[in-house]
Amino acid sequence: CNSLLFNCLSLCFSSEDVLSKDAGECAICLEELQQGDTIARLPCLCIYHKGQVFLGICIDEWFEVNRSCPEHPSD
(Lines give C-alpha, C1' and ligand atoms only; values in the text may rest on other atoms or scores of the structure.)
Protein backbone atom coordinates (compact mmCIF):
# COMPACT_ATOMS: atom_id res chain seq x y z
CA CYS A 1 0.00 0.00 0.00
CA ASN A 2 2.83 2.44 0.87
CA SER A 3 4.48 1.61 -2.45
CA LEU A 4 1.27 2.42 -4.31
CA LEU A 5 0.90 5.74 -2.47
CA PHE A 6 4.54 6.60 -3.16
CA ASN A 7 4.13 5.83 -6.88
CA CYS A 8 0.98 7.93 -7.10
CA LEU A 9 2.58 10.89 -5.33
CA SER A 10 5.69 10.65 -7.45
CA LEU A 11 3.78 10.42 -10.72
CA CYS A 12 0.70 12.52 -9.99
CA PHE A 13 2.23 15.37 -8.06
CA SER A 14 5.62 15.92 -9.64
CA SER A 15 7.18 16.10 -13.02
CA GLU A 16 10.81 15.23 -13.63
CA ASP A 17 12.99 17.74 -15.37
CA VAL A 18 16.61 18.86 -15.69
CA LEU A 19 17.40 22.21 -14.12
CA SER A 20 18.40 24.79 -16.72
CA LYS A 21 20.04 27.20 -14.23
CA ASP A 22 21.11 27.28 -10.58
CA ALA A 23 18.08 27.69 -8.32
CA GLY A 24 19.21 28.08 -4.72
CA GLU A 25 18.93 25.47 -2.00
CA CYS A 26 16.89 22.25 -1.90
CA ALA A 27 14.66 22.57 1.18
CA ILE A 28 15.00 18.83 1.89
CA CYS A 29 18.74 18.08 1.66
CA LEU A 30 19.92 21.71 1.93
CA GLU A 31 22.33 21.19 -1.00
CA GLU A 32 22.41 23.66 -3.86
CA LEU A 33 20.13 23.04 -6.84
CA GLN A 34 22.57 23.39 -9.73
CA GLN A 35 22.23 23.56 -13.48
CA GLY A 36 21.98 20.03 -14.89
CA ASP A 37 20.53 18.47 -11.69
CA THR A 38 17.55 16.18 -12.14
CA ILE A 39 14.65 17.75 -10.28
CA ALA A 40 11.00 17.16 -9.49
CA ARG A 41 8.67 20.12 -9.93
CA LEU A 42 5.51 19.97 -7.83
CA PRO A 43 2.17 21.57 -8.80
CA CYS A 44 2.99 24.48 -6.44
CA LEU A 45 6.12 24.98 -8.63
CA CYS A 46 8.55 24.13 -5.82
CA ILE A 47 11.53 22.10 -7.01
CA TYR A 48 13.63 19.43 -5.31
CA HIS A 49 16.37 16.96 -6.25
CA LYS A 50 15.06 13.72 -7.71
CA GLY A 51 16.83 10.44 -8.30
CA GLN A 52 20.38 11.59 -7.57
CA VAL A 53 22.08 8.91 -5.51
CA PHE A 54 24.97 11.07 -4.33
CA LEU A 55 22.54 13.66 -2.92
CA GLY A 56 19.87 11.25 -1.81
CA ILE A 57 16.63 11.20 -3.68
CA CYS A 58 15.13 14.06 -1.71
CA ILE A 59 11.54 14.33 -2.91
CA ASP A 60 11.13 10.58 -3.44
CA GLU A 61 12.19 9.89 0.17
CA TRP A 62 10.04 12.80 1.40
CA PHE A 63 6.94 11.33 -0.25
CA GLU A 64 7.57 7.99 1.45
CA VAL A 65 6.57 9.59 4.77
CA ASN A 66 4.79 12.84 3.83
CA ARG A 67 1.93 13.69 1.51
CA SER A 68 2.52 17.34 0.79
CA CYS A 69 5.11 19.82 -0.37
CA PRO A 70 7.82 20.41 2.26
CA GLU A 71 7.38 24.17 1.88
CA HIS A 72 3.56 24.19 1.61
CA PRO A 73 2.33 21.49 4.03
CA SER A 74 -1.21 22.87 4.28
CA ASP A 75 -1.85 23.06 0.52
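The values are calculated or read from the model by the stated rules, or taken from the named source; none is laboratory data. Everything numeric in this text was worked out from a predicted model, so none of it was measured. Please note: Cβ atoms are built from the backbone with ideal geometry, for glycine as well, and neighbour counts cover all protein chains shown. The area values use the complete protein model at the heavy-atom level, side chains included, leaving out ligands, DNA and RNA. Shrake-Rupley method; radii C 1.70, N 1.55, O 1.52, S 1.80 Å.
Place the peptides 65-74, 28-37 in order of packing, highest mean first, counting for every residue the other Cβ atoms within 10 Å and averaging per peptide.
On the way: 65-74: 12.1, 28-37: 14.7.
Those peptides, ordered most packed to least, come out 28-37, 65-74.
For every other residue with a beta carbon closer than 14 angstrom to the beta carbon of Gln35, add +1 if it is Lys or Arg and -1 if Asp or Glu, then tell me the sum. Write down the numbers at each step before the final one.
Working: positive: Lys21; negative: Asp17, Asp22, Glu31, Glu32, Asp37.
Summing Lys/Arg as +1 and Asp/Glu as -1 gives -4.
Between Rg and the Kirkwood Rh of the stretch 18-65, both from Cα atoms, what is the Rg to Rh ratio?
Working: Rg = 9.7 Å, Rh = 10.5 Å.
On the Cα set of the stretch 18-65, Rg over Rh gives 0.92.
Taking all protein chains in place and a 1.4 Å probe, what share, in percent, of the accessible surface of the stretch 18-65 do carbon and sulfur account for?
On the stretch 18-65, the fraction of accessible area on carbon and sulfur atoms equals 52 percent.
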